[in-house]
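The values are calculated or read from the model by the stated rules, or taken from the named source; none is laboratory data. This structure is a prediction, so every number in the text was calculated from the model and none was measured. Quick reminder, even Gly has a Cβ in these numbers, built from the backbone with ideal geometry, and neighbours come from all protein chains shown. Ligands, DNA and RNA are excluded from the accessible area calculation, which covers all protein heavy atoms including side chains. Shrake-Rupley method; radii C 1.70, N 1.55, O 1.52, S 1.80 Å.
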Amino acid sequence: MIMLPTVNWDAVATAAVAAIIFNLALDYLAKPRLEARKEEILEAHRLRRELLASAIRITYAAAIVSAVIPDGADSTVRGNVYVEQDRQHDRLQAEVQQLADDGSRHAGTFLGSLLNLVVGYVSALQGLLMSARPRTDQAVEIQKLAGAMAIALSSPRRWQIGKIVARARALEAMPCS
């Protein structure tokens, strides 16, 4: 005759009640905080991606504004390039203004020296656009600054040593750091 083990139903009931109480406590006490923290982290990452995208757009617009037209270029081509440079300069100004308006939101996702770097970057961009320098000189400096910021903000993977080195050099090259 085979003896089946007996089940201690008191222990099963106690474990079930403890599991229910634990899950309810978790749902009502811990989950709201965890969800809020998750949303904060996601928002910070979204804002950092926006800052990177903005730096890339600024770099692109500044590159076009600072482009030198060869002397032998056809007058129609020169006219088309000037129109595009004017358009890109307007985009550049709008992008920097938007970045300045949202600067505190972007900078608030960083701490310490990176916060100061972002604030200095936005201030330097505004200062360059407000300076009395010729537009092409402004664009050259803005292109350097925004390009370095884009490299500094890009997230290297652990196995990509070249990107880590490039990021460190970009951070060193930032005049506002």
Legend entry - Considering residues of segment 130-177 that are in a loop (DSSP other than H, G, I, E, B), at pLDDT 90 or above and of a type in the set (G, A, S) only, the residue farthest from S113 (Cα to Cα): A132
Inset, instruction - State which residue pairs qualify: first residue over 15 Å from T136 (Cα atoms) and inside segment 61-84, second residue open to solvent by less than 40 Å² (accessible area, probe 1.4 Å) in any location, beta carbons under 8 Å apart, and separation of 6 or more residues or different chains. - result: V77/I69; R78/I69
Inset, instruction - Might you let me know whether segment 100-115 holds any residue that is more than 30 Å from I41 (Cα to Cα) and of a type outside the set (D, E, K, R)? - result: no
Legend entry - Filtered residue count, segment 99-118, keeping only those that are free of Cβ contacts under 8 Å to residues at least 24 places away in the same chain, in a helix (DSSP H, G or I) and open to solvent by 20 Å² or more (accessible area, probe 1.4 Å): 5
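Condition check ((1) within 17 Å of the chain's Cα centre (by Cα); (2) at pLDDT 90 or above) across all residues:
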residue	(1), (2)
W9	no, no
A16	no, yes
E43	yes, yes
I56	yes, yes
Y60	yes, yes
E95	yes, yes
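Quick one: which residue in V122, V83, V96, V77 is assigned to a helix (DSSP H, G or I), in contact with a His (Cβ under 9 Å, 6 or more places away or on another chain) and of a type outside the set (D, E, K, R)?
Going through V122, V83, V96, V77 in turn, the sole match is V122.
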Legend entry - Hey, I2 open to solvent by 90 Å² or more (accessible area, probe 1.4 Å) and among the β-branched types (V, I, T) or not: yes
Inset, instruction - Inspect all residues belonging to segment 26-37 and state whether any of them is touching a residue at least 12 places away in the same chain (Cβ under 8 Å) and basic (K, R). - result: no
Inset, instruction - State all residues of segment 24-42 that are under 30 Å from D102 (Cβ atoms), among the aliphatic types (A, V, I, L, M) and either outside any helix (DSSP H, G or I) or open to solvent by less than 100 Å² (accessible area, probe 1.4 Å) (or both); if no residue qualifies, say none. - result: A36, I41, L42
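Here's the yes/no breakdown for (1) assigned to a helix (DSSP H, G or I); (2) open to solvent by less than 90 Å² (accessible area, probe 1.4 Å); (3) without any contact (Cβ under 8 Å) to a residue 40 or more places away in the chain; (4) among the charged types (D, E, K, R):
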| residue | (1), (2), (3), (4) |
| --- | --- |
| V7 | no, yes, yes, no |
| A13 | yes, yes, yes, no |
| A16 | yes, yes, yes, no |
| F22 | yes, no, yes, no |
| A44 | yes, yes, no, no |
